[in-house]
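Chemist: Below is the structure I would like to discuss, written out as structure tokens.
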Amino acid sequence: MSEQCFKCIPLTSASVRALEEGWGDLANVAETPNLFLEPKCVAAALSLYDGRDVEIIYASHEQKMIFLSLMEGAKGYAKLPVSFCQAAAHTHAYLAHPLVRKGYEEEAAMLFCQWIDSTRKRFCFLKNVVLESNFLTALSEVCTAQRRVYSVPVAFSRAAIRYHGDYDTYLNSTLSKKRRKNIGRLYRRLEERGPVSFQQWDASADIDTWLTDFLEMENTGWKKENGTAILCREADINFFEILVKDAATQGNLRFSRLLCGKEAIAYALDIVSTNEAFALKVAYDPAFADYSPGALLEVEVLKRHIADPQISCVDSCTTADNSLVNSLWGERKEIGSLLIGSDAGLSGMITRMLVALESLASIVRVKIEKLFRRVNGIL
């Protein structure tokens, strides 16, 4: 691999600034948008990577960046002492899909495999990538042609929105009649406490006031008790403050709230990257929990997303078992983890054995779980 087309440099504020122009151009034309790999988002997250040797790896073609990802070394896969490289992510990065220039998927896949070989690691592990992407299709084909391990050890569907049309039609097709009636009942009950209204942030509102109120609301209930609220860590606060204010400046912020009277009782924080929105956080006032303010707000936000001409897809950024979002959002996005082996030889053999062992362990685990359920049913 020539150094002219592929480089690795340590992740620092200086390196992000040096690459920002070409990096930003790549993010704007990526085959799969990824907010968490945009240069401004990575710059905001630098303190979240403290103490880790993270590198920016990128490939270029005729002075145009065609591939970029963040990588780090790791050891210990499936409880085995194996050295490998993996996509570097942080707590608030819900997608680690590499940025790949549209139309250059095959070339980027070949260069990426060459880079994996150059690391002298057993394999590369990518967590939370979009399985239905053109890049992964090309990567799978390259791996097959090179007789290289290509394995998807984890795959799941998470809620998404790709629909553009009549909101009522969408809601009727997604929600059962019983569920729609329940939402209407909750809304009417809440109106007994005061007038209910929806607001979406715009430039006429003070972003600092909105952000402060949201962070305080998010720092309640089980998140505060578990120490997972944003306000529990200075690095998390800095990340969201920078990210939200930059999105507001760029016109990519979709910050919404539900009010009862003059009091905000729920917030939803979404940010747009290219033509895709990422639903980052929802917070609600526990004092209004009986009215499900988060669900009521999501219904209103859903209506705006469907009508937004800038958005072609919304990623819920949730887990597969999020019952609230799954019940409201009718489409799904296939997300998974990916393992790509290094070149053939001893490393390739070891990686194939590792994948086989992991597959066997998964089968045994499922059988044990079924056995336990049967035993519990008998007892």
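The values are calculated or read from the model by the stated rules, or taken from the named source; none is laboratory data. Here the structure is a predicted model, which is why all the values come from computation and not from measurement. Quick reminder, even Gly has a Cβ in these numbers, built from the backbone with ideal geometry, and neighbours come from all protein chains shown. Ligands, DNA and RNA are excluded from the accessible area calculation, which covers all protein heavy atoms including side chains. Shrake-Rupley method; radii C 1.70, N 1.55, O 1.52, S 1.80 Å.
Chemist: Counting only C-alpha contacts under 8 Å and six or more residues apart, can you give the relative contact order of the chain as a whole percent? Before the final figure, lay out each step's value.
Modeler: On the way: 620 pairs, mean separation 81.9, N = 379.
Here the relative contact order equals 22 percent.
Chemist: Moving on to the next point. Using alpha carbons only, how many degrees (0 to 90, rounded to 10) separate the axis of helix 134-145 from the longest principal axis of the chain?
Modeler: In the chain, helix 134-145 runs at an angle near 20 degrees to the longest axis.
Chemist: Using a ≥ b ≥ c from the Cα gyration tensor of segment 1-55 (square roots of the eigenvalues), is it rounded, prolate or oblate, where a/c under 1.5 gives rounded and otherwise the larger of a/b and b/c decides, a/b for prolate? Each step should come with its number before you reach the end.
Modeler: On the way: a/c = 1.80, a/b = 1.11, b/c = 1.63.
Oblate, since a/c reaches 1.5 and b/c is not below a/b.
Chemist: Express in % the proportion of alpha carbon pairs of segment 157-232 at distances exceeding 14 Å. Please list the in-between numbers first.
Modeler: On the way: 2213 of 2850 pairs.
Here the long-distance tail beyond 14 Å is 78 percent of all Cα pairs in segment 157-232.
Chemist: How big is the Rg/Rh ratio for segment 41-115, C-alpha atoms only, Rh by Kirkwood, two decimals? Don't jump to the answer; show the numbers that get you there.
Modeler: Numbers: Rg = 13.9 Å, Rh = 13.9 Å.
Taking Rh as the inverse mean 1/r over Cα pairs, Rg/Rh reads 1.00.
Chemist: Under the classification rounded if a/c is under 1.5, otherwise prolate if a/b is larger than b/c and oblate if not, where does segment 159-303 fall, given a ≥ b ≥ c as square roots of the Cα gyration tensor eigenvalues? Write down the numbers at each step before the final one.
Modeler: Values: a/c = 1.73, a/b = 1.26, b/c = 1.37.
Oblate.
Chemist: Let me ask you something else. Any idea which of Ser140, Leu99, Ser83 is furthest toward the positive side of the dipole for segment 76-158, if Lys and Arg beta-carbons carry +1 and Asp and Glu beta-carbons -1?
Modeler: Towards the positive end, the residue furthest out is Ser83.
Chemist: Which entries in the list Lys102/Lys224; Lys181/Lys281; Lys79/Lys245; Lys64/Lys333 go over 32 Å, if you measure between the two C-alpha atoms of each? Kindly include the intermediate steps, with their values, before the conclusion.
Modeler: On the way: Lys102/Lys224 42 Å; Lys181/Lys281 26 Å; Lys79/Lys245 41 Å; Lys64/Lys333 29 Å.
In this structure, Lys102/Lys224; Lys79/Lys245 lie more than 32 Å apart at Cα.
Chemist: Further, regarding this structure: Peptides 200-213, 289-302: what's the order by average Cβ count within 10 Å, highest mean first?
Modeler: Values: 200-213: 13.5, 289-302: 20.7.
Top to bottom by mean Cβ count within 10 Å: 289-302, 200-213.
Chemist: Of (1) 5, 22, 32, 26, 12, 3, 0; (2) 5, 21, 29, 24, 16, 5, 1, 0; (3) 4, 17, 22, 19, 14, 9, 7, 4, 2, 1, 0, which is the value of P(r) over Cα pairs in 10 Å bins from 0, in percent derived from the coordinates here?
Modeler: Given (1) 5, 22, 32, 26, 12, 3, 0; (2) 5, 21, 29, 24, 16, 5, 1, 0; (3) 4, 17, 22, 19, 14, 9, 7, 4, 2, 1, 0, the structure-derived one carries the label (2).
Chemist: If you average the sequence gap of Cα pairs under 8 Å that are 6 or more apart and divide by the length of segment 253-302, what percent do you get for the contact order? Please list the in-between numbers first.
Modeler: On the way: 75 pairs, mean separation 16.2, N = 50.
Relative contact order, segment 253-302: 32 percent.
Chemist: Which percent of the Cα-Cα distances in segment 202-285 go past 21 Å?
Modeler: Working: 951 of 3486 pairs.
Roughly 27 percent, once rounded to a whole number.
Chemist: Which whole-number percent is the relative contact order of segment 194-313 (Cα, under 8 Å, 6+ apart)? Working shown, then result.
Modeler: Numbers: 158 pairs, mean separation 30.3, N = 120.
Across segment 194-313, relative contact order equals 25 percent.
Chemist: Could you compute how much accessible surface Leu35 exposes when probed at 1.4 Å, giving the result in Å² to the nearest 10?
Modeler: 0
Chemist: In degrees between 0 and 90, to the nearest 10, how far off the longest principal axis of the chain does helix 177-191 point, with axes built from Cα atoms?
Modeler: Relative to the chain, helix 177-191 is tipped by roughly 60 degrees.
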